[in-house]
Amino acid sequence: MNNVYTHGHHESVLRSHSWRTAENSAGYLLPQLRPGQSLLDIGAGPGTITADLARLVQPGRTTALEANEGALDITRATFAKLDISVDFIVGDVHHLDLPDDSFDVVHAHQVLQHVADPVQALREMRRVCKPGGIVAARDSDYQAFAWFPELPELTEWMTLYQRLARANGGEPDAGRRLLSWALEAGFEKVEATASNWTFTTDEDRAWWGGMWADRILQSAMAEQALASGVPQETLDEISKAWQAWAADPAAFISLLHGEILATA
């Protein structure tokens, strides 16, 4: 069940992922965390969220999981600069090589939208979570993103991303589906919420728009787009549109995310 990761690990992607913290990306989970808990973070990426969660559950043990050694090396590089001890493992969320009932908390941020079978992934997350523990997931809902001004090139960007993500076996509108997936996976108690990232200040717009202006030209998504027949000129136009959006003092974007807290 190996998927192609739509975003890849280009610097422009890590620039975005490294911005994420437990506060801005896992606020729904924080009230559930206690010192001494054991925690598994699936799809740890650059590890910025993982590090925050690890601090909150210390002296409990945190385990960071990634799909391959290359991705896990990115996580390790972050922790090499921090005085936080975690375990690092490679694994497939569809078939975790971990014992039953291993963790108090199993967390996945922006993971289920990319996997081949999110219901099976949630079953595995439940299996390795202790009875009464928490399985937490948060995922984007791309079709629910809202921005202004509505530049046609940004609409084309959304259409392109949706097409590529689904061609890679993912579901870009995962946020709205988390509750249904959790119920199908066998969870009986699920709390479903939503939260936004919103970028409106000059600094935020420059960061978000500049990041996507680069990603559409240089990331794995750009390579996949070109391989699927999208002309380079189209990607250039989308990049320029993100730059124009970022330069507009009236520009706004809000990115919706679905969230679940499911009791194992």
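The values are calculated or read from the model by the stated rules, or taken from the named source; none is laboratory data. None of these values were measured; they are calculated from a predicted model. Every residue, glycine among them, receives a Cβ derived from its backbone with ideal geometry; neighbour counts consider all protein chains shown. For accessibility, only protein heavy atoms count, side chains too; no ligands or nucleic acids. Shrake-Rupley method; radii C 1.70, N 1.55, O 1.52, S 1.80 Å.
Per-structure values
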item	result
Two-site FRET efficiency, residue 159 against residue 34, from Cβ-Cβ distance with R₀ of 45 Å, rounded to 0.05	0.55
Carbon and sulfur %, accessible surface of the chain computed with the full protein complex present, 1.4 Å	51 percent
For peptides 89-97, 219-227, 129-137, sequence by mean Cβ density within 10 Å, most packed first	129-137, 219-227, 89-97
Whole-angstrom gap from the range 53-84 to the range 150-217, using each part's C-alpha centre	24 Å
Principal axis dimensions, the chain - Cα atoms, whole angstrom, descending	51, 37, 32
Fully extended contour minus Cα-Cα distance, from residue 203 to residue 21, at 0.36 nm per residue	63.7 nm
Relative contact order computed over the chain (Cα-Cα under 8 Å; 6+ residues apart), in percent	23 percent
Karplus 3J(HN,Hα) series, Hz, for the range 249-260 with 6.51 cos²θ - 1.76 cosθ + 1.60 (x for Gly, Pro)	x, 9, 6, 8, 8, 10, 10, 7, 10, x, 9, 9
Cα-based shape type of the range 152-232, given that a ≥ b ≥ c are square roots of the gyration tensor eigenvalues and the cut on a/c is 1.5	oblate
Value in Å of the Kirkwood radius, where the range 121-264 supplies the Cα pairs that are averaged	16.8 Å
Mean accessible surface per residue for the range 126-166, computed with a 1.4 Å probe while every protein chain stays in place, in Å²	41 Å²
With eigenvalues of the C-alpha gyration tensor scaled by 5 and rooted, the range 1-88, Å	22, 14, 13
Whole-Å distance, taken between Cα centres, linking the range 5-32 and the range 234-248	23 Å
Span per principal axis, largest first, for the Cα atoms of the range 155-194 (Å)	39, 21, 7
Cross-link partners of residue 189 among lysines (Cα-Cα below 23 Å; sequence separation of 8 or more within a chain)	130
GluC sites (Glu not before Pro) lying in DSSP loop within the range 76-156, provided at most 14 other Cβ fall within 10 Å	150
